[in-house]
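Worksheet: the structure to be examined is printed underneath.
The values are calculated or read from the model by the stated rules, or taken from the named source; none is laboratory data. Note that this is a predicted model, so its numbers are computed, not measured. Virtual Cβ from ideal backbone geometry, glycine too; neighbours counted across all protein chains shown.
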Amino acid sequence: MERSSPKRLRLRRTLRLVGIASLLTVTGLTLLYTIRIGALRSRVLKEVAALSGNAYSHVVSAPTRVRVGTDARASGVAARLGRAGLKRVQRAPEPGEYRVDAGTIQFCDAPQTEVDTRAPLVTLVLDGPVIEHIDVDGRERENVLLPVEHITSFRSSLRERRTPVAYEDIPPGLVLAVLAAEDRRFFGHPGLDTRGIGRAFLRNLRERRVVEGGSTITQQVVKQILRRRGRALRAKVDEAILALFVERRFTKKQILQVYLNEVYLGQEGPFAIHGVAQGARHFFGKPMHTLTMRERIELAAAIRAPNAASPRRNPERLEAYANAVEAALEDVAQPDPQGDGTEVAAAGGHASASGRAGAGGHSGAGGMSLQSGRGVRVSVDASE
């Protein structure tokens, strides 16, 4: 029997030690990464749970009291009701709504607690601009408090402007436009869009630089919570893994609500604008439910580069982005109206801003790279 030479024995021993050391190193790094992801997972899930429940710090004004004899026009009563978050209607107002007619202003504040589900109907009878009579649920009053005005809401910095809203209060047409711009298959993927990742990889390979990302809205929510910038590979891996955890814990609508309240939409002086509700006021000077369909599309298109392409600074560039978003509206995967995230194909047609807002039609991609693959064709009442 031939014996191994001392040199071969030393080589085997060395290779064995290298193998053991490599295994221990990989195991240690895997353990450390698992611990790190576990800590990030806990932080992200806790934050999404809080934000989906509107757990922001809110800044509101002192309540304004109006009396018989107050000049409603000079006091800006109707404008104050709008800033308080009440929706203007043309019928008898329900909780959270107000109506302005010739000679009267009526409002019904939103319930302040889950227990207090009823709010009184207040009627201000005017003689010209002056309040002549105040009626609260059929009882005459000399004065009444207007609902407090929402100034802003912030998560961690006073230099944020945001108006958090529930998913149900966001116009469906605006939701559709955001999905067309950012993640057309949002209601059809589990947090990662393999089509989008593959397409982005091939394009970045062709361009030899990072020109497109394949991040889903869920991954963007994780990125917002972790307050990360840039496109480092390790960060992308973290966000992809954490997105899967988020999708397992929360419904699609909860995730989308957090995104629509957190998305960055530019600067106003030292203040960062966050959320589509505040973005509507920032860009167009009015509540989001009064935006035309074309304005909703432009608001969604501005998410890509809110400071570089906005109605104020570069409307031509924004128009090109908006045209690409409009062209993608018909490809958005919609949720099952009876569920929380199942795709459903509706019969015929597609949503379009053409003919509804009186502005712009389809004009091709306009140079914008959309981030998701094709979904199902749907018919949506975008005017809602």
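Can you find a residue in the range 328-336 that is under 25 Å from E97 (Cα atoms) and either within 15 Å of the chain's Cα centre (by Cα) or modelled with pLDDT of 85 or more (or both)?
The answer is no; no qualifying residue exists.
Residues to consider are I255, I217, I273, I197; find the one that is farther than 28 Å from R312 by Cβ, in contact (Cβ under 8 Å) with a residue 40 or more places away in the chain and not small (G, A, S).
I255
Do we have any residue at all in the range 55-64 that's at negative phi, touching a Phe, Trp or Tyr at 6+ places or on another chain (Cβ under 8 Å), among the small types (G, A, S) and loosely packed, with under 14 Cβ neighbours inside 10 Å?
yes
Please verify whether the range 49-58 includes one or more residues that are touching a strand residue (DSSP E or B) at 6+ places or on another chain (Cβ under 9 Å) and part of a loop (DSSP other than H, G, I, E, B).
Checked against the condition, which is being touching a strand residue (DSSP E or B) at 6+ places or on another chain (Cβ under 9 Å) and part of a loop (DSSP other than H, G, I, E, B), the range 49-58 yields at least one hit.
To keep it simple, each residue is scored yes or no on (1) over 14 Å from E330 (Cα atoms); (2) touching a Phe, Trp or Tyr at 6+ places or on another chain (Cβ under 8 Å); (3) outside any helix (DSSP H, G or I); (4) of a type in the set (D, E).
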residue: G173; (1), (2), (3), (4): no, no, no, no
residue: L176; (1), (2), (3), (4): no, no, no, no
residue: L179; (1), (2), (3), (4): no, yes, no, no
residue: G191; (1), (2), (3), (4): yes, no, yes, no
residue: R195; (1), (2), (3), (4): yes, no, no, no
residue: A200; (1), (2), (3), (4): yes, no, no, no
residue: R203; (1), (2), (3), (4): yes, no, no, no
residue: R206; (1), (2), (3), (4): yes, no, no, no
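Does R249 satisfy the condition of being in contact (Cβ under 8 Å) with a residue 24 or more places away in the chain and either over 25 Å from N307 (Cα atoms) or in contact with a Ser or Thr (Cβ under 6 Å, 6 or more places away or on another chain) (or both)?
Yes, satisfied.
Just checking, does the range 143-164 include any residue being in a helix (DSSP H, G or I) and either among the polar types (S, T, N, Q) or under 30 Å from R227 (Cβ atoms) (or both)?
No, the range 143-164 contains no residue that is in a helix (DSSP H, G or I) and either among the polar types (S, T, N, Q) or under 30 Å from R227 (Cβ atoms) (or both).
Going by the conditions given, is V122 without any contact (Cβ under 8 Å) to a residue 24 or more places away in the chain, crowded, with 18+ Cβ neighbours inside 10 Å, outside any loop (DSSP other than H, G, I, E, B) and not small (G, A, S)?
So V122 passes the test.
Pick from the range 256-300 the residues that are modelled with pLDDT under 90 and assigned to a loop (DSSP other than H, G, I, E, B): which of them is nearest to the chain's Cα centre (by Cα)?
P287
Residue by residue through the range 153-201, note down the ones that are within 12 Å of the chain's Cα centre (by Cα) and either aromatic (F, W, Y) or over 27 Å from R281 (Cβ atoms) (or both).
Y167
Could you count how many residues in the range 129-174 are without any contact (Cβ under 8 Å) to a residue 12 or more places away in the chain and crowded, with 18+ Cβ neighbours inside 10 Å?
Here the count works out to 0.
Residue-wise test of (1) closer than 19 Å to A300 by Cβ; (2) more than 19 Å from the chain's Cα centre (by Cα); (3) assigned to a helix (DSSP H, G or I).
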position	(1), (2), (3)
Q220	yes, no, yes
G230	no, yes, no
R234	no, yes, yes
A243	no, no, yes
E247	no, no, yes
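Working carefully through the options T104, T113, T117, find the one that is among the polar types (S, T, N, Q) and either at pLDDT 95 or above or in contact with a strand residue (DSSP E or B) (Cβ under 9 Å, 6 or more places away or on another chain) (or both).
Just a single option satisfies the conditions, and that option is T104.
Regarding G269, is this residue on the phi > 0 side of the Ramachandran plot and surrounded by fewer than 22 Cβ atoms within 10 Å (Cβ to Cβ)?
yes
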